[in-house]
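Here's the structure we're looking at; comments come further down.
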């Protein structure tokens with residue numbers, strides 16, 4: 001699963017991101033709250049995967065705050081240092097949520113079945129994750145916890 005997650009991220013990095021100089025054009029505000037089991041998620045991150053082409057070279061993501069809120073942002077690989085631009089281009093997105101903590105731990109990400117649509121306006125989108133989910137909240141064994149049956153002291157991502 002970690003390879004899948006990294007592979008999806010690399011997919012965005014392979015082609016040119018549309019831009020207009022030092023700022024990106026055509027980005028629209030996207031914010032809201034991430035909910036699971038009727039309660040706000042208390043951290044983690046979101047990765048927005050564009051379903052339509054022409055957006056490579058950009059990463060679309062958001063950090064989830066302790067109260068479950070998020071604000072989506074876009075960054076370009078060619079910006080050094082990295083500059084985060086608020087908002088996302090219009091279009092449809094697949095959503096991947098990763099709980100807070102060790103991002104290298106596999107099997108904790110959740111892909112939402114709902115597709116998000118960003119429109120040319122302010123977008124307030126509540127994201128409902130499936131009940132249960134993955135990682136610490138569901139009892140899925142973690143390979144970084146010495147008390148877990150899945151613990152592997154020889155794993156290669158330390």
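Restricting to the range 84-111, what's the tally of residues that are more than 24 Å from residue 39 (Cα to Cα) and free of Cβ contacts under 8 Å to residues at least 40 places away in the same chain?
The qualifying residues number 1.
Considering 8, 13, which residue is modelled with pLDDT under 55 and loosely packed, with under 14 Cβ neighbours inside 10 Å?
13
Being more than 18 Å from residue 124 (Cα to Cα) and either touching a residue at least 12 places away in the same chain (Cβ under 8 Å) or in a loop (DSSP other than H, G, I, E, B) (or both) is the requirement here; does residue 63 meet it?
It is false that residue 63 is more than 18 Å from residue 124 (Cα to Cα) and either touching a residue at least 12 places away in the same chain (Cβ under 8 Å) or in a loop (DSSP other than H, G, I, E, B) (or both).
Is it the case, given these coordinates, that residue 137 is closer than 22 Å to residue 36 by Cβ and either in contact with a strand residue (DSSP E or B) (Cβ under 9 Å, 6 or more places away or on another chain) or modelled with pLDDT of 85 or more (or both)?
So residue 137 fits the description; yes.
The values are calculated or read from the model by the stated rules, or taken from the named source; none is laboratory data. Source: prediction; values computed, not measured. Here the Cβ is made from the backbone with ideal geometry for all residues, glycine too, and neighbour counts use every protein chain on show.
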